[in-house]
Amino acid sequence: MRKREGMIFADMIVDISHEKLDRSFQYLVPQELEEQIGVGMVAEIPFGKGNHIRKGYVIGLSDRPAYETGKMKSIIRLLNGEETTESRLIALAAWMRERYGATMIQALKTVIPVKEAVKAKEKKQILLTASREEAAALLSQLETGRCRARARLLRALLSEGKLDYTKAAKELGATQNVWKPLEEAGILSIRQEEIYRIPENPSAAPGEGEWDLSPSQKEAVSLIKEEWDQGNKRPVLLHGVTGSGKTQVYMELIQETLNRGQQAVVLIPEIALTYQTVRRFYARFGNVVSVLNSKLSQGERYDQFRRAKKGEIQVMVGPRSALFTPFSNLGLIIIDEEHEPTYKSENSPRYHARETAIERARLENARVLLGSATPSLASYSRAVSGEYLLVKLKGRYGQGTLPEVSIVDLREELKEGNRSVLSRKLKKAIEERLSKKEQVMLFLNRRGYAGFVSCRSCGHVMKCPHCDVSLSEHNNGRLVCHYCGYEQPKPELCPVCGSPYIGGFKAGTQQIEQVLQKNFPQARVLRMDFDSTRHKGSYEKILAAFAAHEGDILVGTQMIVKGHDFPDVTLVGVIAADLSLNTEDYQCAERTFQLLTQAVGRSGRGKKPGQAIIQTYNPQHYSIQTAARQDYEAFYKEEISYRMLMDYPPCSHMLAVFASSSDEELLERAMDYLARFVRRVYSGGDLHVIGPAYMTVGKVNDVYRKVLYLKHLEGNVLTAVKDRLEQYIEINSGFRNIYIQFDYV
C-alpha cells in the first residue's frame, strides 16, 4: 500500500493500566476522520490476531508511520459520545507533555491512576441460606449425634444470620471440613466481598460540623458565587490573613458543588496538614470524603482512586497527586496555601499543580479556587491584572486578633556575649508562657544548616555580583553561584566590616531541642521534622499529642507553621529567619516572607492574645519587616520592583534545562552544545541565556548535574525554544547517555 499524501497516524493505548501504559499501538486514521480526531478521544479499533473490536484511547497523532503502512490497521470509528474520565485525563497528559517537555508515557503515568500489583482486600462471610425451620430441624439432629462443630456453627448462624469467616474458624472451629457438607446441602453459603482500605476514620473526626460564617466570609462566598453564576471561568484567588477562616469558605463552596451533583478536589501542600484539615472535612461532609498522601500504602491509594471512580466518594483531600483523582463530574478544584513550593513536581513532567489544575478545570468545565494568606507573586500579579478574581478576607475569624510581633537583632545578642540559639527576649518569653501553662512553637525555617556564608558581626551575606543570589559554600573553600557558575574563594575577613566571624548558621532542630531541655528541664518538648516523621502516622501522633497538651513546646521545621490551629499557642519563636532569606534562589525573599507570616500566624488563634519573636541577622530587610506587620501589599510592591529590575518571574518567564550524567566530561560538553545551539537559533538580544552551571548539589550518587537558564518576556518564545531543543536532542546521539528535563521556574 502506497502512503497517501497527508496521512495521519494515531498512537493508541488499549487498556488504561500500569501494565499497558508503556505499550502503544499505531493505527491509520481514515481520511473521513482526520478533521475530527484528537488526543484523548475514544475509538473502536481492530486488535490482536483475531481483529477483535476493542476500545482504544488516542494518546498522540503523527504524520510519520512507525512501520510499513500496508501492514497497519485502521481505526474503525470514533466514539464521540463516549468521552470518559480517562479520555479527559489523557488530554491533560498531552497538555503536560507539550507544556513541560516530558514524554507522553511519563505524563500518562502521572495523571492516570495506575493499577498497582496490589491484591484486593477481601472479607469472607458465612451466611445462613436455608429457612430457619429447616436449619432448626437439622440442628436438632446434629445435637443428638457426634457433629458438635457443625452444631456449634449452625447454632451461631441461627442466632446471628451471618458470621465472619475468620472469627468463626477461630472461635467455633469452623474449618472447611465442618462447613463444606452444610454448604453442599444448601444450608449455608460462603460469600466473599471486597472491602476498601480506608486511611482515615470519619467517625474519629471532631464534631465541628457547620460553622456560622462571619460577615467577611459571607461576602467572600457571595462574590465568588456571583462570579461563577455569570459564567466566568477565570480562577479565583482568596487572600485571607492567617486565621481568617479560609477553610470555612472552602467548605461552603464545596457544599454548593455537591448540591449540583459534582465532585471536589482539595489540594493541601503538606501531609502534616492532613491531621486537622481532613477531620474538618469529615466533620462537615461525612464519609463522602477521602484522603491521599505519601504515607498511604499502595493498596490504600489504589482503593481511594477506585472509590472515586465508582462515585462512592465526592471530596478528595490530599497533596499534589490528588489533582488526578478520576472523578467523572469534577466541579471544583481548591488549592490551599497555593504559594507552597511543594505544588511543583521535581520529576518529569515537572508540572506545577496550579497551572495543571487550571488546565484540568478547562477540560472538565470546572472551577479553580486558590487560597493563601501569602499568595505567590505569580498568582497575585495575575489577580492584580484581572486574569484571576481577587477576593479578600481582612480580619481573623471570630474575636481573634493578630499577634504582637518583635524582631530581635542577633548581631546585638552576639555583641552582648549571648552565643545561644535563643535570644534573651525569646528565652524570657518562653519562661512566661510555661508559667501560665500556655504553649509555645519554635520554628527553624530550614532543616540542617544553610549553605550561605555571612558575617556574624554585621550580617553581610556573600552574594553573586551577576545574579543577586547568595553564593553557596563548597568543601573546597570556594563560594559558588548556582545560576551562572561564578565563583570566588571564601574570604577570611568580612569585606564590609573586617570581622573574622564568617560562616554559616549550623543549628538544627535536634540541637534546639537539646538547648530547650537544658534551659527548661520541666518543659515537655516535642520535635517535628523529617527525622521524627519518617513512619506512617507519626505526623498525627505528634500533632495530636501537642493538641492534647502532652507537650509544652513544639519545635520543628516548615511543617509546623502551615495551616495548624492550636488555640493555646500564645508564643511563636522564629530561631533564625536568615536561613531562608539567603538561599541561592531568586525567590528567597518571597519564601522568607511567606514562612515568617505563616509562622507568626500560628500564635494567638484562640481567645488569648498571641506574641511572636523573629530572630535575625538582617532585621531591616523588607521581607522580615513586612512579615512582622503582616503587610502583604507592602511586601509585594517591594519585591515585584526587584523582579522587574532583574527580569525574574513573574515579570518575565524563565525556563530551566536540567541535565545529569555519570560522565562529567560528556555532561559539560553536551550542556555547552545546548547553550550554543540556543544562541545560534535565537539571535534576538531579548533572550537571556544564563550558564550552564552546576546545580546546588552538583553530584548525587556519582551522577553529575548541571543547569541552563533561559529568560524571556514572552512564555511562548521559551516554549518554541524548548521544542527546538527537544528536536535537537532527539536527532543527536551524543545526548542518549544524558538525562534532560525542562522546567518553567
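The values are calculated or read from the model by the stated rules, or taken from the named source; none is laboratory data. Quantities reported herein were computed from a predicted structural model and do not represent experimental measurements. We place every Cβ from the backbone using ideal geometry, glycine too, and count neighbours over all the protein chains shown. With ligands, DNA and RNA removed, areas are computed over all heavy atoms of the protein, side chains included. Shrake-Rupley method; radii C 1.70, N 1.55, O 1.52, S 1.80 Å.
Tabulated values for the structure
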quantity	calculated
Boolean, residue 564 is under 30 Å from residue 390 (Cα atoms) and modelled with pLDDT under 85	yes
Index of the failed condition, residue 429 passing every other in (1) surrounded by fewer than 20 Cβ atoms within 10 Å (Cβ to Cβ); (2) assigned to a helix (DSSP H, G or I); (3) touching a residue at least 12 places away in the same chain (Cβ under 8 Å)	(1)
Tally of residues being within 16 Å of residue 330 (Cβ to Cβ) and not in a loop (DSSP other than H, G, I, E, B) across segment 286-311	9
Residues located in segment 598-615, provided they are within 21 Å of residue 339 (Cβ to Cβ) and either at pLDDT 90 or above or among the aliphatic types (A, V, I, L, M) (or both)	599, 600, 612, 614
Pairs where the first residue, in segment 78-95, is at pLDDT 90 or above and the second is polar (S, T, N, Q) and open to solvent by less than 30 Å² (accessible area, probe 1.4 Å), C-beta under 9 Å, 6+ apart	92/356; 95/356
Selection within segment 642-661 - part of a strand (DSSP E or B) and within 26 Å of the chain's Cα centre (by Cα)	653, 654, 655, 656, 657, 658, 659, 660
Total residues in segment 79-106, condition open to solvent by 20 Å² or more (accessible area, probe 1.4 Å) and either outside any helix (DSSP H, G or I) or not β-branched (Val, Ile, Thr) (or both)	16
Hey, residue 626 open to solvent by less than 50 Å² (accessible area, probe 1.4 Å), in a helix (DSSP H, G or I), at pLDDT 90 or above and over 20 Å from residue 470 (Cα atoms) or not	yes
Every residue from segment 252-284 that is surrounded by fewer than 24 Cβ atoms within 10 Å (Cβ to Cβ), part of a helix (DSSP H, G or I), out of contact with any Gly (no Cβ under 8 Å at 6 or more places or on another chain) and modelled with pLDDT of 90 or more	252, 253, 255, 256, 258, 259
